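The values are calculated or read from the model by the stated rules, or taken from the named source; none is laboratory data. None of the values given here were measured: they were computed from a predicted structure. Here the Cβ is made from the backbone with ideal geometry for all residues, glycine too, and neighbour counts use every protein chain on show. Side chains are part of the model used for accessible areas, which takes the heavy atoms of the whole protein and leaves out ligands, DNA and RNA. Shrake-Rupley method; radii C 1.70, N 1.55, O 1.52, S 1.80 Å.
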Amino acid sequence: MGETPHRSADAGTGGTRVTQSHEWPAGASARVAEAPVSTRSPGGTGLGGGGALPRNRKFGAERAFRGLTMAAGTTVLVIIVAIAAFLIAKAIPALRANTASFWTFEGWFPNDNPPTFGIGALAFGTVLTAALALLMAVPVAMGIALFLSHYAPRRLGNALGFLIDLLAAVPSVVFGLWGRDYLIGPVSDLSVWLNKYFSWIPIFGGDGPYGNSILLGSLVLAIMILPIVTSLTREVFLQTPTANEEAAIALGATRWEMLRTAVLPYGRPGIIAAVMLGLGRALGETIALALTLGSTYAISFNVLESGGNTIAANIANRFAEANDTGRGALIASGLVLFAITLIVNIIARAIIYRRREFTESAA
Amino acid sequence: MAKRVSASNVTAYYGGFKAIENINLTVEPKTVTALIGPSGCGKSTFLRSINRMHEVLPGARVEGSLTIDDQDIYDRDVDVTAVRRTIGMVFQRPNPFPTMSIFENVVAGLKLNGVRKKSILEDAAEKALRAANLWGEVKDRLAKPGAGLSGGQQQRLCIARTIAVEPQVVLMDEPCSALDPISTLAIEDLMFQLKDKFTIIIVTHNMQQAARVSDRTAFFSIEKTGDPGRLIEYDNTQKIFSNPSVKKTEDYITGRFG
Ligand SMILES: Nc1ncnc2c1ncn2[C@@H]1O[C@H](COP(=O)(O)OP(=O)(O)OP(=O)(O)O)[C@@H](O)[C@H]1O
Ligand SMILES: [Mg+2]
């Protein structure tokens, strides 16, 4: 039965769609829209009839709408600037008061006198848990997405797709509690086993205790980002032009080869975008990690031993007890998290941009 | 390098809908055969059943027997992918892989066959592009995206991609319908050259084209909408266009219906 998905045989190639989306400058559609308004002027001589052309309107729905969108855009900008200014103003005094190195000190005692705190271990933990979560989630997500889009019968695919979208709606505190109270058991057992046989690999070393480890945290994170990455990549895979899939099949490709030659390369920018969204969620995830990680302040690649911490989890865990300097310190850490997310996004854009010559003619 | 294609009692379905019924025809090696007929009479369906692309659609199936040089391509033991490598296909709309360069497009089929050596791929690409009359136009920009070519160039690129794997039979489904007259002529010239090596079967709505390029012409038609398409007449192109034996064929080629 079907080797290609369930669409008509002559859906277009990618080529034609681009020209449309690229050749219209932003304002073009707006200008087109004005024409019918003018011809409807009372007493007009009919469509395209004789007489002088009606004058361009000074105040119309068009202008009002443009003003409205502009106002909305400006408001957003103002709010962002205001927030940034507020955060920076709060962070600076705390950073001034810090007697340890903000970048390298492994510890978080902003409430002490003199205050000492460092972001290094937190930033490291944030990136490590998020990277591990991606490493575990992305291959699985893409496998599921390919199955749903190209192997499963259409109905099954749609039903499972819906279920996965539902999973994405589960609040993260539920995942966190589940990880803390249930998943910790199997993960501890797995950790003991890994440590027994693979302790020669540094990340599996150490002598316990196991449980509230980076492994548990990133596993919970992986499960949390799985739905969003799956559902986005599934959409991406479904958008491959049938014409390209058929081209591959007609060259004698098996289904997997067809996926490799036509579907995966075509979906590349979309896959990267999906992974980045997943990464964004993983980097910013707060409560699930606050509940599952061991909250220590050390830079260590060991993923089995209890420990690990992230910027967001640290904010959640320490905000209640924080004094003025403590809050400033946490805000400063938040700014670093913001910077990390920004850098990650810039890298993603750069990757997409690098092959833009190809993807533009594709998408 | 060219094989005889024989269809006997080929009937094809889309789910419960019978699109063509009992098609019998034999295409000799190294000839061009044109399939003509009104829209919806099952030309594409028949063409797609020759390289087993028909069954790719969910619910679609083929009955009857189709052989190339006496080998049944619908035999249970036959590897479908081998059938499709032996019987290449060019589609109506140019469909180069948008993410690949011109070079990568041409060698895509070879790579699927496990050819990895750069020198072999380069030689094959040049050979195929020359055969497709495209080499001169693209030799300086092989690394550029295939989708950046003009429509006619893209279609010739697709032809190059198809013949790069050295098939025995080349199927073309209205390969010129999206092209301008100049590109169309370029592709028609190409067909003349290609029939030295391949058996070519082409679907076309263009009577002049059928008359110009083909040795034999098959006329398909349907009684009325919902009926399966049938082969009405199959003969030398000259005969079909000058003195058809069936009234319906004459009506069609003189433009009285369809
Ligand atoms: N994917 C499909 N699913 C269901 N029915 C189909 C499908 N493709 C074609 N058909 C039907 O099968 C019949 C034959 O279609 P086919 O595409 O083979 O005609 P054609 O002769 O190639 O027409 P045209 O000249 O317009 O390309 C038509 O009635 C058509 O509606
Ligand atoms: Mg057709």
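Among all residues of segment B:154-163, there is none that is open to solvent by 10 Å² or more (accessible area, probe 1.4 Å), in contact (Cβ under 8 Å) with a residue 12 or more places away in the chain and small (Gly, Ala, Ser).
Exactly one residue out of B:Asp140, B:Asp180 is out of contact with any helix residue (DSSP H, G or I) (no Cβ under 9 Å at 6 or more places or on another chain), away from ligand 1 (no atom under 16 Å from the Cβ) and more than 18 Å from B:Val5 (Cα to Cα), and it is B:Asp140.
For segment A:144-177, enumerate the residues that are of a type in the set (Phe, Trp, Tyr) and either within 23 Å of A:Thr292 (Cα to Cα) or touching a strand residue (DSSP E or B) at 6+ places or on another chain (Cβ under 9 Å) (or both). Across segment A:144-177, the qualifying residue is only A:Phe175. Considering segment A:258-356, the qualifying helices (runs of 4 or more DSSP H), each wholly inside and each with 3 or more residues that are under 25 Å from A:Arg96 (Cα atoms), run over A:311-318, A:324-354.
Annotation note: Cβ proximity below 9 Å between a residue of segment B:1-24 that is of a type in the set (Asp, Glu) and a residue that is part of a strand (DSSP E or B) (sequence gap 6+ or interchain) occurs for B:Glu21/B:Asn9; B:Glu21/B:Val10; B:Glu21/B:Thr11; B:Glu21/B:Ala12; B:Glu21/B:Gly229; B:Glu21/B:Arg230.
Residue by residue through segment A:251-266, note down the ones that are more than 18 Å from B:Leu110 (Cβ to Cβ) and in contact (Cβ under 8 Å) with a residue 40 or more places away in the chain. Give the derivation first.
First, the residues of segment A:251-266 that are more than 18 Å from B:Leu110 (Cβ to Cβ): A:255, A:259, A:263-264, A:266.
Within segment A:251-266, A:Arg255, A:Leu259, A:Val263, A:Tyr266 qualify.
Just to be sure, is A:Ile311 open to solvent by less than 40 Å² (accessible area, probe 1.4 Å), touching a Leu at 6+ places or on another chain (Cβ under 6 Å) and of a type in the set (Val, Ile, Thr)? Yes, satisfied.
All conditions but one from (1) over 14 Å from B:Ile202 (Cα atoms); (2) modelled with pLDDT of 95 or more; (3) more than 11 Å from ligand 1 (Cβ to nearest atom) apply to B:Thr33; the one that does not is (1).
Condition check: surrounded by fewer than 16 Cβ atoms within 10 Å (Cβ to Cβ) and more than 16 Å from ligand 2 (Cβ to nearest atom). Does B:Ile120 satisfy that? So B:Ile120 passes the test.
Determine whether segment B:40-57 contains at least one residue that is in contact (Cβ under 8 Å) with a residue 12 or more places away in the chain and part of a strand (DSSP E or B). There is no residue in segment B:40-57 that is in contact (Cβ under 8 Å) with a residue 12 or more places away in the chain and part of a strand (DSSP E or B).
Look at segment A:231-246: where a residue is under 30 Å from B:Ile87 (Cβ atoms) and a partner is part of a helix (DSSP H, G or I) and among the charged types (D, E, K, R), sitting 6+ places away or on another chain with Cβ atoms under 9 Å, you get A:Pro241/A:Arg17. Scanning segment B:46-63 for residues that are open to solvent by 10 Å² or more (accessible area, probe 1.4 Å) and near ligand 2 (Cβ under 10 Å from one of its atoms) gives a single hit, B:Arg48.
Of all residues in segment B:202-224, those that are touching a Leu at 6+ places or on another chain (Cβ under 6 Å) and either more than 16 Å from ligand 1 (Cβ to nearest atom) or within 14 Å of chain A (Cβ to nearest Cβ) (or both) total 1.
Those residues that are more than 7 Å from chain B (Cβ to nearest Cβ) and open to solvent by less than 10 Å² (accessible area, probe 1.4 Å), I need them from segment A:247-271; list them, please. Listed by number, the residues that qualify are A:Ala248, A:Met258, A:Leu259, A:Val263, A:Gly267. Consider B:Glu223 carefully, then state whether it is on the phi < 0 side of the Ramachandran plot and either at pLDDT 95 or above or not in a loop (DSSP other than H, G, I, E, B) (or both). No. In segment B:2-16, of all residues being within 14 Å of chain A (Cβ to nearest Cβ) and either assigned to a loop (DSSP other than H, G, I, E, B) or not aliphatic (A, V, I, L, M) (or both), the one that is nearest to ligand 2 (Cβ to nearest atom) corresponds to B:Tyr14.
A:Thr129 fulfils the conditions (1) farther than 19 Å from A:Thr296 by Cβ; (2) assigned to a helix (DSSP H, G or I) except for a single criterion, (1). Residues in segment A:85-126 that are β-branched (Val, Ile, Thr) and either open to solvent by 70 Å² or more (accessible area, probe 1.4 Å) or part of a helix (DSSP H, G or I) (or both): A:Ile88, A:Ile92, A:Thr99, A:Thr104, A:Thr126. The residue pairs whose first member lies in segment B:201-224 and is closer than 18 Å to B:Val169 by Cα, whose second member is more than 15 Å from ligand 2 (Cβ to nearest atom) and in a loop (DSSP other than H, G, I, E, B), and whose beta carbons are closer than 6 Å, counting only pairs six or more residues apart or on different chains, are B:Asp215/B:Thr31. The residues of segment B:104-117 that are surrounded by fewer than 22 Cβ atoms within 10 Å (Cβ to Cβ) and among the small types (Gly, Ala, Ser) amount to a single one, B:Gly114. Scanning segment B:64-103 for residues that are of a type in the set (Lys, Arg) and open to solvent by 30 Å² or more (accessible area, probe 1.4 Å), we see that the one that is nearest to ligand 1 (Cβ to nearest atom) is B:Arg93.
Among the residues making up segment B:160-190, those that are more than 16 Å from ligand 2 (Cβ to nearest atom) and facing chain A (nearest Cβ under 10 Å) are B:Arg161, B:Thr162, B:Ala164, B:Val165, B:Pro167.
Against the condition within 16 Å of ligand 1 (Cβ to nearest atom), facing chain A (nearest Cβ under 8 Å) and under 18 Å from the mean Cα position of the chain (by Cα), how does B:Val56 come out, does it pass? Against the criterion (within 16 Å of ligand 1 (Cβ to nearest atom), facing chain A (nearest Cβ under 8 Å) and under 18 Å from the mean Cα position of the chain (by Cα)), B:Val56 qualifies. Check every one of the helices (runs of 4 or more DSSP H) wholly within segment A:153-216 and list those with 3 or more residues that are open to solvent by 50 Å² or more (accessible area, probe 1.4 Å) and within 14 Å of chain B (Cβ to nearest Cβ). Here the list reads A:154-167.
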